[in-house]
Amino acid sequence: MDYRFSEQGGATHVTLTGQLNFAANEDFQAIVERVSKLRGAKIVFDLSGLSHIDSVGLGLLYIAHEELAANNSHLTLLHPRDTVLRMLQLTEADETFEIVI
C-alpha cells in the first residue's frame, strides 16, 4: 500500500493506493498515528486507488475510526472501488463509517 497526504477544503485527505491488508499494517499504523494528532479534525481516507481490502484491512479501518473518534475527529471514506465497497457493505461497515461513493 502507498499513501499520500493533502489538505483539501479544511480536511486532511489520505489517499490510499494498492491493497489494504496485513502487509500494510505498519504503514497504516503510521498514518493513524499522524492523523490522531489532529484533534477535532476532519479526516478523509480516499479509497479510489485501493484495489483490495481484506479482513485485516477492515480491522485497521475500525482501529483508525476508534482512535480518531477518541480525539473528536471525524473519519470519512471516499470513493471506494466496487470490490472495496462490496466488502464494506457485506460486513455492514457502512453502518459505522461515513462512506461517500
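The values are calculated or read from the model by the stated rules, or taken from the named source; none is laboratory data. Small disclaimer: the values here were computed from a predicted structure and weren't measured. Here the Cβ positions follow ideal geometry from the backbone for every residue, glycine too, while neighbour counts run over all protein chains shown. Areas reflect the complete protein model, heavy atoms only, side chains present, ligands, DNA and RNA absent. Shrake-Rupley method; radii C 1.70, N 1.55, O 1.52, S 1.80 Å.
Structural remarks
- Formal net charge of residues neighbouring Val32 (Cβ-Cβ distance under 13 Å; K, R +1; D, E -1): -3
- Along the chain, the exposed loop sites are trypsin sites (Lys or Arg not before Pro) outside DSSP states H, G, I, E and B with at most 11 other Cβ atoms within 10 Å, and the longest stretch free of them is 40-101.
- Of all accessible heavy-atom area on the chain, the percent that carbon and sulfur account for (1.4 Å): 47
- The charge dipole of the stretch 28-101, taken about the Cα centre with unit charges on the Cβ atoms of Lys, Arg (+1) and Asp, Glu (-1), comes to about 320 debye, rounded to the nearest 20.
- Note on Leu75: accessible area is roughly 10 Å² with a 1.4 Å probe, heavy atoms of protein only.
- Read-out P(r) over Cα pairs in 10 Å bins from 0, in percent, derived from the coordinates shown; its label in (i) 16, 50, 26, 7, 0; (ii) 16, 56, 27, 1; (iii) 14, 37, 19, 16, 12, 2: (ii)
- Calculated accessible area for the stretch 1-70 comes out at 51 Å² per residue, all protein chains present (probe 1.4 Å; ligands, DNA, RNA ignored).
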